[in-house]
Amino acid sequence: MEKKQSGTGTDTDSVTKKVPFLNRIDLSSPDIHQSVSLLKQACLDSGIFYVINHGISEELMEEVFEQNKNFFGLPLSEKMKVLRNEKHRGYTPLFDEILDPDNQVHGDLKEGYYIGVEVPEDDPKAEKPFYGPNVWPSDDILPGWRHTMEKYHLEALEVARAIARIIALALDLEADFFDKPEILGQPLALLRLLKYPGQISDPSNGLYGAGAHTDYGLITLLATDDVYGLQICKDKYAQPQVWEFIAPLKGAFIVNLGDMLERWSNCLFKSTLHRVLGNGQERYSIAYFVEPSYDCLVECLPTCKSAKNPPKFPPVMYGDYLGQRYKDTHIDLNVYNKLQS
């Protein structure tokens, strides 16, 4: 799949509109038919929706945000001790990632922290890219930080699996289709903590909190504070592109679709082009990238193709796709090694 661009040169060929209405998928609702209908409508329209009553306690959500702030409040020297490694675990400094190089004058104005599925070093899977032990700040520096993040990671994965079952039904599949070991049974799921500093973005001059991009996997679960910043573009191929702010909703996840769901569904459901604009306020968010396993072969679903609608993409090994996308968007780690030597 080609990388989605937000235009050419600078962002002068775009329009910003008011916040759209988004469907709310209630995971506590016993009416599965209504949930499937609301989700399918959202996926066909905008590729983004809210998930409410997801089962993660308000206390845990607040603790994760508090611990998020605690980490990013550390001196840079402390944060650099847990710099991301080749397995994409750990801290990503300002400008480490550039998601839309055709339009950005430098990398994204955000800090991040990757936490993946914990895989011990002596596990054979740890030899593969993206698998291995996580990198953790010292418990002396941030007491309870690791425990909070591990608990949240596990609970967010269960929410993701519940949403994936509704997506499967919306695609006329068996509800447990995405529960297979190679998909969400043993996923690559990545938790990423994010902080956007209190600076104002200027798209006309190529300055963004996060450049325009689509996510790579199945879906993304995003929890945010109450500061606006996230925008989506429903039609990523339109010129001019129309960008719409997405309102934060306390206690809810904002869920958007990734590239693999676009491939699986043969473009019935399209991955969501989005970006982040800073408005002068610090902004914290917590992204949970729901990724299939490294060895998952993603190919058009049987319910999404026909003689008149053949597959639009060749099959792809997810690990190959993911590795290339990270290589394209992140600074080479050797740059940091040279700076620290």
Problem set entry | Residue, nearest to the chain's Cα centre (by Cα), within segment 138-158, restricted to residues that are within 18 Å of Leu27 (Cβ to Cβ) and open to solvent by less than 10 Å² (accessible area, probe 1.4 Å) | Ala156
For this session: Considering every residue within segment 63-86, establish whether at least one is on the phi > 0 side of the Ramachandran plot and in contact with a Phe, Trp or Tyr (Cβ under 8 Å, 6 or more places away or on another chain).
Result: no
Seminar exercise, completed: In segment 214-261, anything part of a strand (DSSP E or B), over 17 Å from Ala156 (Cα atoms) and open to solvent by less than 20 Å² (accessible area, probe 1.4 Å) is listed as Leu230, Gln231, Ile232, Cys233, Gln241, Trp243, Glu244
For this session: Could you check Ser265 against (1) touching a residue at least 40 places away in the same chain (Cβ under 8 Å); (2) closer than 20 Å to Asp102 by Cα and say which number it fails?
Result: (2)
Problem set entry | Every residue from segment 70-93 that is open to solvent by 70 Å² or more (accessible area, probe 1.4 Å) and either closer than 11 Å to Asn134 by Cα or part of a loop (DSSP other than H, G, I, E, B) (or both) | Pro75, Lys81, Glu86
Exercise. Do the conditions hold for Gln241, that is, is it more than 30 Å from Gly132 (Cα to Cα) and under 15 Å from the mean Cα position of the chain (by Cα)?
Worked result: no
Exercise. Within segment 268-325, restricting attention to residues that are within 15 Å of the chain's Cα centre (by Cα) and part of a loop (DSSP other than H, G, I, E, B), which residue is nearest to Asp179 (Cα to Cα)?
Worked result: Pro292
Exercise. What tally of residues in segment 127-146 results from selecting those that are more than 24 Å from Glu97 (Cα to Cα) and either of a type in the set (A, V, I, L, M, F, W, C) or in a loop (DSSP other than H, G, I, E, B) (or both)?
Worked result: 8
For this session: May I ask you to verify whether Lys69 is within 30 Å of Ala247 (Cα to Cα), among the basic types (Lys, Arg) and in contact (Cβ under 8 Å) with a residue 24 or more places away in the chain?
Result: yes
Problem set entry | Candidate set from segment 282-337 (those that are touching a helix residue (DSSP H, G or I) at 6+ places or on another chain (Cβ under 6 Å) and within 18 Å of Ser271 (Cβ to Cβ)); member that is surrounded by the fewest Cβ atoms within 10 Å (Cβ to Cβ) | Phe313
Seminar exercise, completed: Of Ile163, Ile98, the only residue that is of a type in the set (Val, Ile, Thr) and open to solvent by less than 30 Å² (accessible area, probe 1.4 Å) is Ile163
Seminar exercise, completed: Pairing a residue in segment 28-42 that is closer than 12 Å to Leu169 by Cβ with any residue that is of a type in the set (A, V, I, L, M) and open to solvent by 80 Å² or more (accessible area, probe 1.4 Å), where Cβ atoms lie under 7 Å and the two sit 6 or more apart in sequence or on different chains, gives none
For this session: Please determine, by comparing only the residues of segment 326-341 that are assigned to a helix (DSSP H, G or I) and aliphatic (A, V, I, L, M), which one is farthest from Leu188 (Cα to Cα).
Result: Leu339
Exercise. In segment 75-92, how many residues are within 30 Å of Cys296 (Cα to Cα) and touching a residue at least 60 places away in the same chain (Cβ under 8 Å)?
Worked result: 6
For this session: Considering only residues that are in contact (Cβ under 8 Å) with a residue 12 or more places away in the chain and either outside any helix (DSSP H, G or I) or in contact with a His (Cβ under 8 Å, 6 or more places away or on another chain) (or both), look in segment 166-185 and name the one that is least open to solvent (accessible area, probe 1.4 Å).
Result: Leu171
For this session: From (1) assigned to a helix (DSSP H, G or I); (2) more than 27 Å from His330 (Cβ to Cβ), pick out the condition that doesn't hold for Met149.
Result: (2)
Exercise. Given (1) surrounded by 13 or more Cβ atoms within 10 Å (Cβ to Cβ); (2) out of contact with any strand residue (DSSP E or B) (no Cβ under 9 Å at 6 or more places or on another chain); (3) in a loop (DSSP other than H, G, I, E, B); (4) at pLDDT 95 or above, where does Lys40 come up short, assuming only one miss?
Worked result: (3)
For this session: Take segment 111-133 and flag every residue that is under 24 Å from His213 (Cβ atoms), open to solvent by 10 Å² or more (accessible area, probe 1.4 Å) and either among the β-branched types (Val, Ile, Thr) or at pLDDT 95 or above (or both).
Result: Glu111, Val117
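The values are calculated or read from the model by the stated rules, or taken from the named source; none is laboratory data. All values reported here derive from a predicted model rather than from experimental measurement. No Cβ is skipped: glycine too gets one built from the backbone with ideal geometry, and neighbour counts run over all protein chains shown. Remember, those area values only see protein heavy atoms, side chains included, never the ligands or the DNA or RNA. Shrake-Rupley method; radii C 1.70, N 1.55, O 1.52, S 1.80 Å.
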